[in-house]
Amino acid sequence: MSTSTLQTSLLDRSPGPERTPAAGVRRPVRSRRTRFTYTLTVLAFLLPSAIPLALFVLGPMVAAAWISLHEWNLITPMQWVGLDNFARLISEGETGEVFAHTLYYIVGYLPLVYIGGLLLALALNRALKGRAFWRGIYFLPVVTSWIVVAIVWRWLLNPANGVVNAVLAWFGIDGPGWWTDPAWAMPSIILASAWKDLGFVMVILLAGLQAINPDLYDAAKVDGAGAWRRLVSVTLPMLSPSTFFVVVISLINGFQVFDQVYAMTGGGPAGSTQVVVQQIYDLTFRYGQAGEASALSWMLFAVILAVTLVQVIGQKRWVHYG
């Protein structure tokens with residue numbers, strides 16, 4: 001067989017351009033079926049989580065939005081008032097005070113819990129004896145009930161016979177009134193909150209530290225970088241995704257602070273620790289003003305959403321995904 005005849009035979013057997021459209025006619029049909037099957041599979045796996053989400057998150061949010069447009073004391077029928085609840089809250093000075101107290105808590109809590117968690121993560125990232133044990137010990141407060149933690153810290157910070165003031169007195173320092181003093185009540189809550197959440201921040205940052213490529217530290221050492229320079233130029237930039245997550249979660253939780261306030265001070269003394277969620281609780285169950293409480297909850301949601309969006313947009317400038 002000649003070369004030209006062989007080439008002609010091979011060309012006849014190979015799929016020519018004229019066969020491509022015919023073979024591709026069914027491809028969109030199979031693709032649509034595949035996408036439909038994939039969508040059903042995803043929905044089937046999401047359904048167990050989507051149902052509770054709709055019932056216990058989205059449903060109450062819609063209900064709160066509807067209640068915020070009414071005056072309701074949880075007993076008598078609701079009365080439509082429109083946006084009057086929002087206008088009343090904006091005009092009241094107490095609303096600004098509870099938001100200011102919440103910001104005070106966040107400003108004191110966030111740096112303390114992050115720096116403390118970072119120091120613990122750096123310490124427990126080393127090859128220490130019993131490292132797993134110490135990690136578990138520091139994480140234990142995270143899974144402890146806030147009621148238990150509040151009782152312990154109320155005892156530790158008791159002005160009369162608390163352990164903290166006893167230690168301060170041993171050094172010749174007159175301890176403050178802590179949770180009984182309006183000036184020290186919020187710092188008491190901040191200390192207890194930071195102590196409880198240190199383990200959570202430690203675990204997140206520890207996972208970020210273990211994901212950093214060791215070659216970066218070796219290169220920094222070759223360039224003559226000391227421990228501080230390696231921390232600033234290698235560790236913190238490469239840890240920025242974990243830092244971003246910690247900051248976002250801590251801010252959201254900070255704006256919703258309630259358990260520790262309710263258990264330790266109940267918003268007192270003299271309203272010095274009255275935060276937004278505590279005010280929502282009091283408006284609903286103490287004063288029977290569920291409409292104003294729902295309006296305040298939506299105002300808090302708007303603030304949290306705005307702060308989170310600012311962080312998500314701003315992360316492009318300082319978060320480095322290595």
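The values are calculated or read from the model by the stated rules, or taken from the named source; none is laboratory data. Bear in mind that the values here come from a model prediction, so they are computed numbers and not experimental data. Glycine also receives a Cβ, built like all others from the backbone with ideal geometry; neighbour counts cover every protein chain displayed. Keep in mind that these areas ignore ligands, DNA and RNA; they rest on the heavy atoms of the full protein, side chains included. Shrake-Rupley method; radii C 1.70, N 1.55, O 1.52, S 1.80 Å.
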Loop-located chymotrypsin sites (Phe, Trp or Tyr not before Pro) in the stretch 170-246, at most 10 other Cβ atoms within 10 Å (DSSP): PHE171
Proximal lysines to LYS129, defined as alpha-carbon separation beneath 26 angstrom and excluding residues fewer than eight positions away on the same chain: LYS196, LYS221
LYS221, LYS129, reordered so the largest accessible area comes first (probe 1.4 Å): LYS129, LYS221
Highest-fluctuation residue, ALA150, ALA183, ALA50 considered, GNM on the chain with Cα pairs under 10 Å: ALA50
Convex hull of the chain built on C-alpha atoms - directionally averaged projected area, nm²: 32.3
Cα gyration tensor shape for the stretch 232-290, rounded if a/c is under 1.5, else prolate or oblate: prolate
Evaluated at q = 0.20, 0.22, 0.24 Å⁻¹: base-10 log I(q)/I(0), Debye formula over Cα of the stretch 98-157: -0.99, -1.06, -1.09
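Per the 1.4 Å probe, what fraction of the accessible area of the stretch 204-322, in percent, lies on carbon and sulfur atoms? The partial results should precede the final answer.
Details: 3760 of 5960 Å².
For the stretch 204-322, the apolar C and S fraction of the accessible surface comes to 63 percent.
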Accessible-area composition of the stretch 135-177, carbon plus sulfur, in percent [1.4 Å probe]: 71
Choice from LEU43, LEU206, LEU305 showing the highest fluctuation, given a GNM over the chain with Cα pairs closer than 10 Å: LEU43
C-alpha long axis of helix 3-13 to longest principal axis of the chain, angle in °: 50
Apportionment of accessible area to carbon and sulfur, the stretch 26-95, percent (1.4 Å): 70
Dimensionless Rg/Rh of the stretch 124-250 - Kirkwood Rh, Rg from C-alpha atoms: 1.10
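Suppose we look only past 25 Å in the calculated P(r) of the stretch 172-320. What percent of the Cα-Cα pairs does that tail hold? Each step should come with its number before you reach the end.
On the way: 5549 of 11026 pairs.
That tail contains 50 percent of the Cα-Cα pairs.
Given the Cα-Cα distance of THR76 and ALA100 and 0.36 nm per residue of separation, how much length would full extension add, in nm?
Values: separation 24, 0.36 × 24 = 8.64 nm, distance 3.31 nm.
Stretched out fully, the THR76 to ALA100 stretch lengthens by 5.3 nm.
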Where the stretch 140-287 is the region considered: accessible area per residue in Å², 1.4 Å probe: 49
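Multiply the residue gap between PHE171 and ARG88 by 0.36 nm, knock off their C-alpha separation, and tell me the result in nm, one decimal place. Present the calculation step by step, with values, prior to reporting the outcome.
On the way: separation 83, 0.36 × 83 = 29.88 nm, distance 5.04 nm.
Full extension of this stretch gives 24.8 nm more.
Which whole number of Å³ per residue matches the convex hull of the alpha-carbon atoms in the stretch 259-322? Can you show the working numbers first?
Details: hull volume 7.6 nm³, N = 64.
Taking the convex hull of the Cα positions in the stretch 259-322, it is 118 Å³ per residue.
Compare ILE212, ILE147, ILE67 by solvent-accessible area with a 1.4 Å probe and give them largest first, with all protein chains kept in place.
Values: ILE212 10, ILE147 100, ILE67 30 Å².
Heavy-atom accessible area, descending, gives ILE147, ILE67, ILE212.
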Kirkwood estimate for the stretch 74-128, i.e. one over the average of 1/r between Cα atoms, Å: 15.4
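Under a Cβ-Cβ cut-off of 15 Å, what is the net charge of the residues other than LYS196 that fall near it, where Lys and Arg count +1 and Asp and Glu count -1?
Details: positive: ARG154; negative: ASP197, ASP259.
Its environment carries a net charge of -1.
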Dimensionless Rg ratio for the stretch 39-162, taking C-alpha atoms and the 2.2 N^0.38 Å reference: 1.68
The chain: most fluctuating residue of THR76, THR95, THR308 per GNM, C-alpha cutoff 10 Å: THR76
